[in-house]
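Heads up, the thing below is written out as structure tokens.
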Amino acid sequence: MQVGLSNPTCTFLWENWEMEKHDVLILGGGPSGLSTALHLAKAAPHLTPRILILEKEHYPRLKLCAGGLVIDAEVILERLGLDTSEVPHVDAEDIRFDFAGRGLTVRVPKRHAIRVIRRDEFDAWLAEKARSRGIEIREGVSIKKVIPNENGVTVETDQGNFHATIIVGADGSNGITRRCIFPNEPVYTARVLEVLTPSHQHRPSGTFSEFGGGREGSAFFDFFPVPNNIAGYTWDFPTQVNGTLMRCWGVYDTNLLADQKRPALKEPLAEEMKRHGFELGDYEIKGHPIRWYSPWNKASMPRVLLVGDAVGADPVFGEGISIALGYGVIAAQEIAESFQRGEFSFGRYKRRLVRSGLGQTLFARWLISQVIYTLKWKWFQILLWRILKPFVLLAAWIFVLNWSKRIPLRN
Ligand SMILES: Cc1cc2nc3c(=O)[nH]c(=O)nc-3n(C[C@H](O)[C@H](O)[C@H](O)COP(=O)(O)OP(=O)(O)OC[C@H]3O[C@@H](n4cnc5c(N)ncnc54)[C@H](O)[C@@H]3O)c2cc1C
């Protein structure tokens, strides 16, 4: 704010004096930002009143996402004493990984295979939990620019400027933080489309489509688009909207085969939906990119840490909720130790990340994505999903699931 001081130096000092100051500013109140705050409050309770989360929307806010929570997400939240069953959800008992309708089934002993939430409800619930633990969240504040310097970081927003000792960029795949601090970094993004439909399709004959006949309790991934250079899959999950059972459909493409001739992204989605009696054209299609993890993605610079999609989600499936929660664990440990030392270079953050269970699964998933989506031939996809079942299941168990148990939690 400028108050009639004509000397430019005075103006600068006055502006800085007027700026709201915080030790830890978290930019973005999605799962990665909220998890960072919750874990930091647990690891270093004295920092809790010094944390501020800035979120541009108001909860419950829309977030395009199928809302599939894998077990690692629940494990991380359980260790914070949070129970996702408080959030409206639908549990799928098994997950099918198919090529053109046939493949392998994953079940988890004595548990659901995947829990499906709606992100407006889930994120609002998590934000409420953070608030109940003393963390301040300011809604309706949009970040415009991030300017780190030797003594801290200036954050320009539509509600004035803030000054922080450190900031955490948790503002998602299109986030401003990463773009401000690494403007020239290559970006690996997947394209994703999503559609919500009723749970059953009523056929003109008056009968229900086959969804009525047993698919409702399962989540499906089908990799049939890969030979056509869509390096991803179609999905359909059970979900609920305001208590009504629905179905969430979508298509994910890593863009790994972007240099090849590809059909329009909605074509495989329309094909899959038609197979089950739904017309894509009857429903609203929404799209959003997902920035995925590559080992070369940068994660920090002095006084700035990135978490969640700002660093990168899982490249194989675009699965990012559990991953975002996991980034929060690692970032909180790094921040707590930095405040103990009074040193904020964050030079060790990437190494800490890479060595953790989260870093290991992200690396494994990056490697898997490079193999399964570039060896795109039909015979290879059939071999993978239908014939090599035990090996694929073992690899998934070791490299894809259960990584959250390999992140040590410090109190
Ligand atoms: C179509 C689709 C389906 C998906 N399905 C699944 C799924 O089933 N399971 C799964 O695990 N993952 C899924 N994902 C991925 C998942 O949604 C993300 O990985 C996850 O949301 C990442 O969390 P985050 O906290 O890093 O970012 P986000 O959830 O994007 O949160 C970022 C937050 O920052 C705020 N923000 C952004 N810009 C600003 C700004 N300038 N100023 C202030 N605030 C700002 C946003 O409003 C938001 O609240 C899906 C993604 C898409 C697009």
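FYI, it's all coordinate maths here, none of it is from the lab. Since the structure is predicted, the reported quantities are computational estimates derived from the model, not experimental observations. Quick reminder, even Gly has a Cβ in these numbers, built from the backbone with ideal geometry, and neighbours come from all protein chains shown.
Only bridges with both residues in the chain count here: give the DSSP antiparallel percent, nearest 5. Can you show the working numbers first?
On the way: 54 of 79 bridges.
Bridges in the chain are about 70 percent antiparallel.
Mean separation of Cα pairs under 8 Å and 6+ residues apart, divided by the residue count of the range 293-411: what relative contact order is that in percent?
Numbers: 117 pairs, mean separation 34.6, N = 119.
Contact order relative to length: 29 percent.
Extending 7 Å from the Cα toward the beta-carbon at both Ser142 and His276 defines two label points whose distance is 3.6 nm. A dipole drawn for the range 244-332 from +1 and -1 charges on Cβ atoms has a positive end, and of Leu325, Leu280, Ala264 the residue lying farthest that way is Leu325. The mean of 1/r over all distinct Cα pairs in the range 43-174, once inverted, gives the Kirkwood hydrodynamic radius of 17.6 Å. Using a simple spin-label model with pseudo-atoms 7 Å out from Cα toward Cβ, Gln159 and Phe380 lie 5.0 nm apart. Neighbour counts of other Cβ atoms within 10 Å put His22, His58, His288 in the fewest-to-most order His58, His288, His22. How large is the helix-only mean residue ellipticity at 222 nm for the chain, computed as the sum of -39500 (n - 2.57) over DSSP H runs with n ≥ 4, divided by its residue count, in deg cm²/dmol to the nearest 500? Taken over the chain, the calculation gives -8500 deg cm²/dmol. Arranged from fewest to most other beta-carbon atoms within 10 Å of their beta carbon, Cys180, Cys248 become Cys180, Cys248. Taking the charge dipole of the chain about its Cα centre, with +1 at Lys and Arg Cβ atoms and -1 at Asp and Glu Cβ atoms, the residue from Ser356, Ala92, Pro49 reaching farthest to the positive side is Ser356.
Short-range pairs are left out: with C-alpha atoms under 8 Å and at least six residues apart, the relative contact order of the chain is 21 percent.
Each Lys and Arg adds +1 at its Cβ and each Asp and Glu adds -1 at its Cβ; summed about the Cα centre, the range 296-342 shows a dipole of about 260 debye.
Counting other Cβ atoms within 10 Å as a rough exposure proxy, the listed residues Met19, Met273 run Met19, Met273 from fewest neighbours to most.
For the pair Leu82 and Ala264, the difference between a 0.36 nm per residue extended length and the Cα-Cα distance amounts to 61.4 nm. Just so you know, the Rg over Rh for the range 234-358 is 1.11, from Cα atoms, with Rh as the Kirkwood radius. About its Cα centre, the dipole of the chain is roughly 1240 debye, where the only charges are +1 on Lys and Arg Cβ and -1 on Asp and Glu Cβ. Toward the positive end of the charge dipole of the chain, with +1 on the Cβ of Lys and Arg and -1 on the Cβ of Asp and Glu, the farthest Cα among Leu394, Asn255, Val192 is that of Leu394.
Just the Kirkwood number for the chain, please: inverse of mean 1/r across all distinct Cα pairs, in Å, one decimal. Roughly 22.3 Å, rounded to one decimal.
The 3J(HN,Hα) values that the Karplus relation (6.51, -1.76, 1.60; θ = phi - 60°) gives for the range 137-146 are, in residue order, 10, 10, 8, x, 10, 9, 6, 10, 7, 10 Hz. Gly and Pro appear as x. Semi-axis lengths, largest first, of the ellipsoid equivalent to the range 308-356 are 24, 10, 8 Å, with √(5λ) applied to each eigenvalue of the Cα gyration tensor.
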